[in-house]
Amino acid sequence: MNQLSLLTPSSDYHPLPNTWDEMWDTRSGVRPHWAHLVKGMTRFGAREWTERGQRITRLLRENGVTYHVYDDPRGNSRTWELDPIPLVLDGNEWLVIAAGLDQRARLLDLLLRDLYGAQSVLKNGLLPPELVFGHAGYLRPMLGALSASPAGERRQLVLYAADLARGPDGRVWVVADRTQSPSGAGYALENRAVMARTFPELLEGAGVAKLTHWLKAVQAALVKLSPREQPHVALLSPGPANETYFEHAYLAARLGYTLAQGDDLTVRDGRVWLKAVSGLKPVDVILRRLDEEWCDPLELRQDSRLGTAGLIEALRRGTVAMANPPGSGLLENPALLPFLPRLARMLLGEDLALPTAATWWCGQEKECEYVLANLPRLVLKPIARGQASETVLGANLDRRQLATWRARIRARPHLYVGQQPMSLSSVPALRDHRLAPQHMSLRAFLVSQGDGYVAMPGGLTRCGDGAFLSSQSGALSKDTWVTPAPPKAIPSSVLLGAGNPAETEILTSRAADNLFWAGRYLERAEGVARLLRALLDGLWEEETTPGQVPVLTALMRMVGYQPASRDLLEQADFPATLAAEVHDLITHKDHPGNLAHTVRALLACTYSTREYWSVAIWRLLDRIERDWSKRRRNRGHERSDLWLGHLIDTLAGLAGLASETLPRADAFRFFDLGRRIERGLTASSVLTCILESRLTDEAQRESLSLVLQSADSLVTFRRRYRGEPFLAGVLELLLWDTDSPRALVFQLNTARLHLGEIARPLQHCEARHLLRDVEERLLANASRVTDPHLDREKRVQLIQILNEVSATLGTASGAITQTWFTHVQELHTLNAGGVQS
C-alpha cells in the first residue's frame, strides 16, 4: 500500500458495524471537521507513516514519558503509547459538551459540600443514607471540614474529569465521574507537544484549540483557594512507584510547584510545613495526587506510609487548602448516577444536560431484583474503586462466575450496581501500516473558575479493542483536536491572578538527598567505567599486565568486591582470569557498588527527581537504559571496551548537561557536591593503591599511564611534562593541582565552597570544617615531594594522608545526611569501601 486513501467507502478503512464512527459517515463520507486532517494524511505514504510513528515513539521514550503497568511481565515502567491519528471533534459540538460538563461539575460540587456539611439531601430524602455512608469514599473525619477551609463557601471540587463515550445514535454520554484526584491531563498535554513536533504541518492549518492556557486556569484556581496573594503550592505525590508519577513531575514542573511526598510534609500546631533544606516552609495549598485514604495515617488508614500525620486536622482548622479535598472520592460512586437528574432539578433548577448510562443500584429492592434477573446482559460494578471484585461484563461470565456474582450481590447488595452496556463509537487508529477502527472513550478535564468550570479543549482519548478502556489494560492514547477552536475557549479573565510561585525554588530534603546521590552514582559509574576500560585496553598485552594489578585492586576496593583469585599474577592464564574478574565487575547484578548496581541506582535517583532534569538529559538517561538493556542481552567479553566507551561518553555528556542546565542554586550544589565527594574517594583509592604497589619502573609507568587514562588526564600530563609518566608528576597533577578539575584538592575545595553556600543559614557546618582541615593537611604535604620515585617514608606519609582524606569524605557525607536528609526513612549507608547499600 502506497497511500492511506480515506475518501471512499471502498478504501482500506472500514468502520465497525452498528457503531458511530467518529471520522466516517456512511451516508456522506468523511465528516466535515475531519476533512483537513484526512486531506493532509493522504499525502503521506506508508514509509512516511512508519517514520512518523517511530518519531513519536522515540520522542516519548527520550522525554521519559512513562506509565506503570502493574504485574506486567515486560516490567512495570512502560513508555507511554500514542497513536499518530488524533481524534477530531467539531468545535460547535464541543461547546455543548463543555457546557454539559460545567453543569455536572457544579452539581457535584454542591453535593460534595452538602454531604460533608448540612446533609440536606439526606434529610430531604433525595439520597438514601446507605448509599452515602456505605461507600468507602465517605470519610467521616472530613465531616464539617470543608466549610472550615480557606476557600470557605467557594468551590471545593476544584478539578473534575469525566469519562465520555458516544453511543450508536451519536449522542455523548457520561460513563464515569472522576473527582478524587483526576489523572491524565499531563499526558494529554504531552501528547499535544509530541504531535506538534511530529505533524506540525497538519496542526498549523487545522485551527486546533490550544491546551496550554488551561494550565494557567489551574494556577488561578489554586491561588484562589488561599487568602495569600502568592501562596506556596505543593503537589502531593505517592512517589516514583505510582503509575502516573511522570504526570506528577510533569505538572509540578510546568506549574512551578514543589513536588512533595508524604514524609516531605509535617504538621506542627495544626499547620502544614514542607521540610526543605533551608528549613521548614509553610504550605498554603496542596494539589493532591495521592488517593485520599492514604493521606493521613492518624485519622484514615493507619498502615499508610505515604501520607502525613495530622493532615486532616490541618484541613479542619482551615490552615491549608487542598484540591481536591479528601472525601471527594465519594462522588465517583456509580450508584449516584440514577439520582443525579433529580438532584440537578432540586439543587440547580435545571435538567441534566448530558445523559448517563442506565444504572441500577442494588441497594434498592426492585433495582436489585432487576440486576439479579439480568446479570448476563449488564455491566456489573462495585460502587467503590479498588475493591476485590472488579468491573465485569456479564455476557463474558460463565454459569459458575454468574453464580458467584449473584451470591456476592445478595450478601451485600448496597455495594454493587448494574449498568446498561454501551456500544462505544469507533475511531481510526494506525495498525500495521493500515487504518483500523478501534473503540474509544474520552476523558475531559475541567477546573473551577468564577461561578462555573472551564474545560480543557480536548482531553485524553484512549482506544482499543475491549469493552473497558484504560491505560492499565493497555489502551492506546490519542491526541484530541477540537476544530475549529471555540471562541475564547479559556476566557482571559480566568488567567488573571495565576501569577508566579512565591519562591523560585524550594528544595525538599528528599529531592536534595536524591540529587546528592545522583551526583555520587554518576561519578561512581563514570569512574568505574573508566577504570574498566583502561584495564581492557591492555588486557591482552602481556608486558602490561603487572602494571594493571594496582588499578584492578583500587577498582575492587572502590566497589567492595573480593576477587575470585587473590594473587592474580600467580595465575598461569592471567589475562583470562583478569578478563573474568572485569566481566563480573560489569555484570554482577547483586553486588552493591559494581557497574550494574550503580547504573540502576543512578537511574532510580534521577527518576525520583525528574522535575529537575531537562529533556536533553532525559534523552541521555534513555540512551544509558537502552544501552544497558542491550548489554544484558549480549554477554560476550569481546565488545566490552566499545560498550564502555559509549557509556563513558554518555555519562560525561550527562554531567556536562547537568552543569549547564541546572541553575546555580541548592539543587545543583547538592548534585555537584555528591560528584566531588565521589571523585575524591575515587582519586584517594586509586592513588593509595599506586603508592602501596611494589613494581618495576616499567610496570609502574604502565600503571601510572592507566591511572592518567582513567582520569582523562594523560594528554594533560604529556603536554605539561613532555615525557613518560612518573610518580611525582602524577601526584602533582591528580593530588595538588588546584586548577585541575581532576585533582583531589580541587574536589575538596569545590565541595567546601558548595557547603558554604548551602549552609549559609547555619551557624556551624561540621562537614565544611572537616573538608577544610583535610584540604589544608593535604596541601601542606605538597612541597615535600621532590623525588620522582618517592622513598618509603614519604609513601607511607602520603598513604596515611589519603586514608585520612577518604575517611573524612565518608564522615562529611554522613554529616551532610544528618544535617539535611535525616527525615528520609531509609537512609543511605556506607560500607567500608564507601559503597552505598
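Worth pointing out:
- Sole exception among (1) over 40 Å from the mean Cα position of the chain (by Cα); (2) open to solvent by less than 20 Å² (accessible area, probe 1.4 Å) for K366, by number: (2)
- Residue check for D666: under 30 Å from D513 (Cβ atoms), among the charged types (D, E, K, R), in contact with a helix residue (DSSP H, G or I) (Cβ under 7 Å, 6 or more places away or on another chain) and modelled with pLDDT under 90: no
- Options Q180, Q230; residue that is touching a residue at least 60 places away in the same chain (Cβ under 8 Å), polar (S, T, N, Q), in contact with a strand residue (DSSP E or B) (Cβ under 9 Å, 6 or more places away or on another chain) and open to solvent by 10 Å² or more (accessible area, probe 1.4 Å): Q180
- Subset of segment 120-143 [outside any loop (DSSP other than H, G, I, E, B), within 16 Å of Q364 (Cβ to Cβ) and of a type in the set (A, V, I, L, M)]: L122, L131, V132
- S448 out of contact with any strand residue (DSSP E or B) (no Cβ under 6 Å at 6 or more places or on another chain), assigned to a strand (DSSP E or B) and modelled with pLDDT of 90 or more: yes
- Across segment 182-191, not a single residue is classified as modelled with pLDDT under 95 and not in a loop (DSSP other than H, G, I, E, B).
- Top-ranked residue of segment 247-264 - restricted to ones that are open to solvent by 10 Å² or more (accessible area, probe 1.4 Å) and of a type in the set (A, V, I, L, M, F, W, C), ranked as nearest to V285 (Cα to Cα): L259
- Qualifying residue in segment 452-460 (condition: open to solvent by less than 10 Å² (accessible area, probe 1.4 Å), within 19 Å of P84 (Cβ to Cβ), among the aliphatic types (A, V, I, L, M) and not in a loop (DSSP other than H, G, I, E, B)): yes
- Scan of segment 8-31 for residues that are open to solvent by less than 70 Å² (accessible area, probe 1.4 Å), small (G, A, S) and either outside any loop (DSSP other than H, G, I, E, B) or modelled with pLDDT of 80 or more (or both), ordered by number: G29
- Scanning segment 644-674 for residues that are open to solvent by less than 30 Å² (accessible area, probe 1.4 Å) and within 16 Å of L595 (Cα to Cα) gives L644, G645, L647, I648, T650, L651.
- Number of the condition not met by G418 [criteria: (1) open to solvent by less than 10 Å² (accessible area, probe 1.4 Å); (2) closer than 22 Å to V96 by Cα]: (2)
- Within this structure, V774 passes the test of being free of Cβ contacts under 8 Å to residues at least 40 places away in the same chain and surrounded by 22 or more Cβ atoms within 10 Å (Cβ to Cβ).
- Some residue of segment 266-279 being within 30 Å of G459 (Cα to Cα) and buried (at least 20 other Cβ atoms within 10 Å of the Cβ): no
- If the condition is being closer than 16 Å to C362 by Cα, assigned to a helix (DSSP H, G or I) and either at pLDDT below 95 or open to solvent by 20 Å² or more (accessible area, probe 1.4 Å) (or both), then segment 375-402 contributes P376, R377, G394, L402.
- Restricting segment 436-451 to residues that are open to solvent by 10 Å² or more (accessible area, probe 1.4 Å) and small (G, A, S) leaves a set whose member that is nearest to P484 (Cα to Cα) is S441.
The values are calculated or read from the model by the stated rules, or taken from the named source; none is laboratory data. Since the structure is predicted, the reported quantities are computational estimates derived from the model, not experimental observations. As a convention, Cβ positions derive from the backbone with ideal geometry for all residues, glycine included, and neighbour counts pool all protein chains shown. To get the accessible areas, we keep the full protein, side chains included, count just its heavy atoms, and leave off ligands, DNA and RNA. Shrake-Rupley method; radii C 1.70, N 1.55, O 1.52, S 1.80 Å.
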